[in-house]
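Structure first, commentary second.
Values quoted throughout were computed directly from the atomic coordinates according to the rules given, and no laboratory measurement underlies them. What you are looking at is a predicted structure, and each value in this text was computed from that prediction instead of being measured. Quick reminder, even Gly has a Cβ in these numbers, built from the backbone with ideal geometry, and neighbours come from all protein chains shown.
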Amino acid sequence: MSLTGGPVDTGELIGFAGSSGPRRSRRRVPPGEALRSSLIALVSTIVVFGLIAVVVTNAPNWPDVQHSFFNGEIFARSLPKLVEAFGTNIALFMFAEILILALGLVLAILRGLPGPVFFPVRLLATVYVDLFRAVPGILVIYLLGFGIPGLGIAGVPDDLFFWGAVSLVLVYSAYVSEVYRAGIESVHWSQEAAARSLGLSRLQALRYVIVPQAVRRVIPPLLNDFIGLQKDTVLVSVIGLVEIFREGQILKSAAFNFTPLVAIALIFVVVTIPLARFTDWLVARERGRQVAGGGR
Amino acid sequence: MSDLAPALHIEDLHKSFGALEVLRGIDLDVAEHEVVCLIGSSGSGKSTLLRCINLLEPIDAGRIVVEGDEITAKGVDVNRIRRRIGIVFQAFNLFPHMSVLDNVTLGPRKVLGLGRAEAEARATELLERFGLAPKRNDYPDRLSGGQQQRVAIVRALAMQPDLLLLDEVTSALDPELVAEVLNVIRELAANGMTMVIATHEMGFARDIASRVCFLDAGQILEEGPPAEMFSAPREERTRQFLQRVIDAGRL
């Protein structure tokens, strides 16, 4: 992860993950040495990427590939339509993520209920998680999107967006519940003992003591799943919902050119990277607040 | 607070972890305003006994009665009982995601149903009494071990318990921080708080206890006033234990 590739100190590794967070260098690198490391990094980067560029652009069929994948004119023409269609993806993953975060937490808590009385609840939650982690998401989308409206039951929506979102919620809540569960189990049992000793009920202990600590710990893996969800919204195109990928395919077929698909890739990159940095910032801020104190 | 019933009455208490019987028939009575110190080597069952009294561990046999109410009876509301019995742990167990003030007010607000303003006013008063008011908005990570343990004591006191259990509360502290915590407990004792204290601090036990109980292999082998226990123990095992303590320079 070290940009300079020079003598790595652990503080730099931590600092890089959250650039706005507190830097914790244990060992200071002398300025001359740091400059030298940066120069080496710069030169080796230029050399490596320069070589790749030379090899690729000198490939026998590069002009054809350039024309069908990196066509500037088609890119400019399709970008507005793609961005517009991306609105559907955004709506899908925002709407689904809210439900996923809630349902995942409920599932994780249900799986952790103690005692023989709750065995059926634990069993159901476990079966749910196992099932929806096992079945490929694209199949869930297919089966729900075509199957349930196909039943023709009165009052059941046949909206593609609805069933696409439901499918994503089902699949991702299973993953997310496991993330929450790991977080809950990572909170030491003495925290629950302390909460219960004050007279808090089990649910109150979860709500005020265990879950807040668990959630803070699992924000990075939750974000990881959120990014996965964003990308998987394109799977909903298989049931015919016009979102960015389907729009891209339409444009691709119309122009006999793959550039729209490259444009889609770029759009996802542009959306994902700031989100990742935002999470790093959140985590660093939380860490800083607990260490620095005086939050209010 | 009620009349004739002892603050705490324990009868033939048994507790096992798997095949290991940790408590083998404990009988103990604690009167109101009494300070009972439990001494004994590690593994003798002191901590387990305290955790059983607070119902943090289910018991296998016996009865525990607090101010006339049998708390080990079937169907009792454990949450109602726990709010009457405070416990302070060896490792503080403060909530790291909450400020000192929130740590102290969580119980009063969520369990006793106090409003935020009233809970915070009461908490601030308690924090002031123990010299912690300047730390009220800090997170536990920022405090020294001694300060953390004093906050933990305040957190337990904020519930206005009838009985306070202290589980080796100075064992995780640096030596120079022990005194500040012991002084807090001394003040509580002077104000008449009923306490059961598991401790390795024999000097402290001798000063503060109304009665000292020596636990050995899950039983109270010997009990008596501190002067008697520390100068003229009757049992051979007690004598050996105290000799080891003296050899280690802790008395």
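Using only alpha carbon pairs under 8 Å that are at least six residues apart, calculate the relative contact order of chain A and give it in whole percent.
26
About the Cα centre of the range A:72-207, what is the dipole size in debye to 20, counting +1 per Lys and Arg Cβ and -1 per Asp and Glu Cβ, all else neutral?
With only Lys, Arg, Asp and Glu charged at Cβ, the dipole is about 440 debye.
What's the longest piece of chain B with no exposed trypsin sites (Lys or Arg not before Pro), counting a site as exposed if DSSP puts it in a loop and it has at most 15 other beta carbons within 10 Å?
With a cap of 15 other Cβ atoms within 10 Å, the longest stretch comes to B:75-233.
What are the DSSP H helices in chain A that stretch 15 Å or more along their long axis, judged by alpha-carbon atoms, and whose average Kyte-Doolittle hydropathy comes to at least 0.5?
Helices meeting the span and hydropathy rule in chain A are A:31-57, A:72-111, A:119-134, A:137-151, A:160-186, A:259-292.
Which entries of B:Lys46/B:Lys110; B:Lys15/B:Lys74; B:Lys15/B:Lys110; B:Lys15/B:Lys135 show an alpha-carbon separation above 28 angstrom in the structure shown?
B:Lys46/B:Lys110; B:Lys15/B:Lys110; B:Lys15/B:Lys135
Per residue of B:98-110, how many C-beta atoms from partner chains lie within 10 Å of its own C-beta, taken as a mean?
4
Are there any GluC sites (Glu not before Pro) in the range A:213-296 that are in a DSSP loop and have at most 16 other Cβ atoms within 10 Å? List them by number.
For GluC sites (Glu not before Pro) across the range A:213-296 that sit outside H, G, I, E and B with at most 16 neighbouring Cβ atoms in 10 Å, the list is empty.
With the contact rule set at Cα under 8 Å and sequence spacing of 6 or more, what percent relative contact order holds for chain B?
After rounding, I find 26 percent.
Is there a quick way to get the dipole size of the protein assembly as shown? I mean about its Cα centre, with the Cβ of Lys and Arg at +1 and of Asp and Glu at -1; what is the value in debye to the nearest 20?
Dipole of the protein assembly as shown, to the nearest 20 debye: 1420 debye.
Could you give the DSSP H helices of chain B that reach 20 angstrom or more along their long axis (alpha carbon positions) and whose average Kyte-Doolittle hydropathy is no lower than 0.5?
Helix filter hits for chain B: B:175-190.
Within 10 Å of each Cβ in peptide B:150-158, how many partner chain Cβ atoms are there on average? Round it to a whole number, please. Provide the component values of the computation, followed by the final result.
Working: counts 0, 0, 1, 0, 0, 3, 3, 0, 1.
Partner Cβ neighbours, averaged per residue: 1.
Along the charge dipole of the protein assembly as shown, pointing to its positive end and built from +1/-1 on Cβ of Lys, Arg, Asp and Glu, which listed residue (A:Phe226, A:Leu131, B:Gln240) has its Cα farthest out?
Checked the options; the winner is A:Phe226.
May I ask which residue of B:Ile185, B:Gln147, B:Gly249 lies farthest towards the positive end of the charge dipole of the range B:135-251, with charges of +1 (Lys, Arg) and -1 (Asp, Glu) on Cβ and the Cα centre as origin?
Value computed over the given set: B:Gln147.
When the helices in chain A are scored as -39500 (n - 2.57) per DSSP H run of 4 or longer and the sum is shared across all residues, what 222 nm value do you end up with, to the nearest 500 deg cm²/dmol?
About -25500 deg cm²/dmol.
What does the charge add up to near B:Ala189, with Lys and Arg as +1, Asp and Glu as -1, over the other residues with Cβ less than 10 Å from its Cβ?
-2
By its C-alpha gyration tensor, with a ≥ b ≥ c as the square roots of the eigenvalues, how is the protein assembly as shown shaped: rounded for a/c under 1.5, else prolate for a/b larger than b/c, else oblate?
Judged from the Cα gyration tensor, the protein assembly as shown comes out prolate (a/c at least 1.5, a/b above b/c).
For the range A:67-292, build the charge dipole from Cβ charges (+1 Lys, Arg; -1 Asp, Glu) around the Cα centre, then report which of A:Leu82, A:Gln191, A:Gly152 sits farthest towards its positive end.
Toward the positive end, the furthest listed residue is A:Gln191.
From the Cα gyration tensor of the range A:67-292, with a ≥ b ≥ c the square roots of its eigenvalues, which class applies: rounded if a/c is under 1.5, or else prolate if a/b is larger than b/c, or else oblate?
Note, shape of the range A:67-292 comes out oblate.
Treating only the Cβ atoms of Lys and Arg (+1) and Asp and Glu (-1) as charged, compute the dipole magnitude of chain A about its Cα centre; round to the nearest 20 debye.
1300
Within the range A:131-224, which trypsin sites (Lys or Arg not before Pro) sit in a loop by DSSP and count at most 14 neighbouring Cβ atoms inside 10 Å?
Working: sites: A:Arg133, A:Arg181, A:Arg196, A:Arg202, A:Arg207, A:Arg216, A:Arg217; in loops: none.
Passing both the DSSP loop test and the Cβ count: no residue.
Of the candidates A:Phe278, A:Phe256, A:Phe161, which one comes out as most mobile in a Gaussian network treatment of chain A with C-alpha springs shorter than 10 Å?
The residue that fluctuates most here is A:Phe256.
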